[in-house]
Amino acid sequence: MSSEDMSSEDMYLDYRGHTLPTETHSAQSLAFAEEFKFEDDDVVAVTYPKSGTVWMQEILPLVLNGGDLTPIQTIPNWDRVPWLEEKRLSIVVDKLISPRALVTHFPYHLMPASFHTSKAKVIYVIRNPKDVLVSSYYFHQMAGFLEDPGTLDEFIEKFLDGRVMFGKWTDHVKSWRHTELGDRIMYISYEEMVQDLPAALKRISGFVGKNLSEDIIQKIAENCTFESMKANNMSNFSLIPKQYMDNEKSPFFRKGVAGDWKKHLSTEQLARITSVICKEMEGERFSLPWSLD
Ligand code: A3P
């Protein structure tokens, strides 16, 4: 069924105040996530949607396996680095090879109990919310399992109110900054990855305890470019039926740049977004990697 045939009640479920699409999430998948047993050598990439999740699903197996291309060439991204909260996890969990890599959009307080008692490492990827908003607007147009975003003005209000998957961007970022994880968490920005992918890969590999040679870093970087991933059928969602993800409406690999918002947002829209987000970030002690203005 596509969004045209489904009511929003069928399309979404509510999980602890978060609206999640039923195509990918269910009461069972969320119960499975709650009971999930993290291992000490697990690595989990945490993102607010549209911040570089699928990119991490390419990077992590390569980094953890010393640049072996087999996983990214043979296993679809959703099975090779599954989402903690989604339906596929229970199906593939026994096939995951240690050290396991996962992704999640959960805010910190929804992480399962075993995460807190384990030593699993977290890589939090942050992206400029203006680009997240624009990326999400186009994603809502192509994803048949999400509600039509309406006009850009309408979508901006939904995004700022948190009436989208996983709520407000500001709440998500704040939740992962208010943790006591110490050296179990590393922060990296999408923009930093765009600007110098080999340098970002070195930081990531150092963090997960893999010291990779310059040649391997280069090999991984070449296989994780926007173009390589767009051409990789295991990563570009071409295996997904068009009714769920229609790359003709807007490709999943849409732009892959920092600052595309400048081409989409009017001065008024920008002022509205900046004022709401700056207000919600007021008083936070941590600094963001870019100016919100
Ligand atoms: P755009 O829509 O701005 O192009 P997520 O995986 O969290 O849903 O994020 C998707 C966004 O990450 C999309 O942004 C997509 O193009 C971008 N992306 C994915 N892989 C990338 C890569 N290798 N380089 C740059 N951007 C990438």
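If the requirement is being within 23 Å of residue 15 (Cα to Cα) and free of Cβ contacts under 8 Å to residues at least 24 places away in the same chain, which of these qualifies: 148, 161, 183? Step by step, each of 148, 161, 183 is checked, and only 161 is within 23 Å of residue 15 (Cα to Cα) and free of Cβ contacts under 8 Å to residues at least 24 places away in the same chain. Taking the conditions (1) open to solvent by less than 20 Å² (accessible area, probe 1.4 Å); (2) under 19 Å from residue 49 (Cα atoms) in turn, residue 92 satisfies each one other than (2). When region 199-215 is examined, which residues are found to be open to solvent by 30 Å² or more (accessible area, probe 1.4 Å) and more than 20 Å from residue 98 (Cα to Cα)? Of everything in region 199-215, those that are open to solvent by 30 Å² or more (accessible area, probe 1.4 Å) and more than 20 Å from residue 98 (Cα to Cα) turn out to be 199, 202, 203, 213, 214, 215.
Would you mind stating whether residue 245 is surrounded by fewer than 18 Cβ atoms within 10 Å (Cβ to Cβ) and within 24 Å of residue 172 (Cβ to Cβ)? No.
Would you check which residues across region 37-54 are away from the ligand (no atom under 16 Å from the Cβ) and either under 15 Å from residue 77 (Cα atoms) or crowded, with 20+ Cβ neighbours inside 10 Å (or both) and list them?
Filtering region 37-54 down to residues away from the ligand (no atom under 16 Å from the Cβ) leaves 37-43.
The answer is 38, 42, 43.
Quick one: which of 208, 194 is modelled with pLDDT of 95 or more, within 15 Å of residue 256 (Cα to Cα) and not polar (S, T, N, Q)? Working first, answer last.
On the way: 208 fails: within 15 Å of residue 256 (Cα to Cα).
Selected residue: 194, the only one of 208, 194 that is modelled with pLDDT of 95 or more, within 15 Å of residue 256 (Cα to Cα) and not polar (S, T, N, Q).
Evaluated against (1) part of a helix (DSSP H, G or I); (2) within 16 Å of the ligand (Cβ to nearest atom), residue 202 falls short on exactly one condition, (2).
Considering only region 272-281, I want to know if a residue exists there that is more than 16 Å from the ligand (Cβ to nearest atom) and in a loop (DSSP other than H, G, I, E, B). No, because not a single residue in region 272-281 is more than 16 Å from the ligand (Cβ to nearest atom) and in a loop (DSSP other than H, G, I, E, B).
For residue 227, the test of being over 30 Å from residue 24 (Cβ atoms) and free of Cβ contacts under 8 Å to residues at least 60 places away in the same chain is failed. Only residues that are out of contact with any helix residue (DSSP H, G or I) (no Cβ under 9 Å at 6 or more places or on another chain) and polar (S, T, N, Q) were counted in region 205-232, giving 1.
Restricted to region 222-238, and to residues that are of a type in the set (Gly, Ala, Ser) and more than 10 Å from the ligand (Cβ to nearest atom), which residue is nearest to residue 55 (Cα to Cα)? Out of the qualifying residues, it is 231.
Return the residue satisfying two criteria in turn: it lies in region 9-36 and is in a helix (DSSP H, G or I) and buried (at least 16 other Cβ atoms within 10 Å of the Cβ), and of such residues it is farthest from the ligand (Cβ to nearest atom).
Of the residues in region 9-36, the ones in a helix (DSSP H, G or I) are 9-11, 27-35.
Subsequent filtering for residues that are buried (at least 16 other Cβ atoms within 10 Å of the Cβ) retains 11, 29-30, 32-33.
On the way: 11: 18, 29: 18, 30: 20, 32: 22, 33: 18 Å.
The selected residue is 32.
Tell me, please, whether a residue that is in a helix (DSSP H, G or I), under 21 Å from the mean Cα position of the chain (by Cα) and in contact (Cβ under 8 Å) with a residue 12 or more places away in the chain can be found in region 231-240.
Here is the first cut: in region 231-240, the ones in a helix (DSSP H, G or I) are 231.
From what is left, the residues that are under 21 Å from the mean Cα position of the chain (by Cα) are 231.
After this cut, where a residue has to be in contact (Cβ under 8 Å) with a residue 12 or more places away in the chain as well, the list is none.
No - not one qualifying residue is present in region 231-240.
The values are calculated or read from the model by the stated rules, or taken from the named source; none is laboratory data. Please read all numbers here as calculations on a predicted model, not as lab measurements. Glycine gets a Cβ as well: all are built from the backbone with ideal geometry, and neighbour counts include every protein chain shown. In case anyone asks, the SASA skips ligands and DNA or RNA and just uses the protein heavy atoms, side chains included. Shrake-Rupley method; radii C 1.70, N 1.55, O 1.52, S 1.80 Å.
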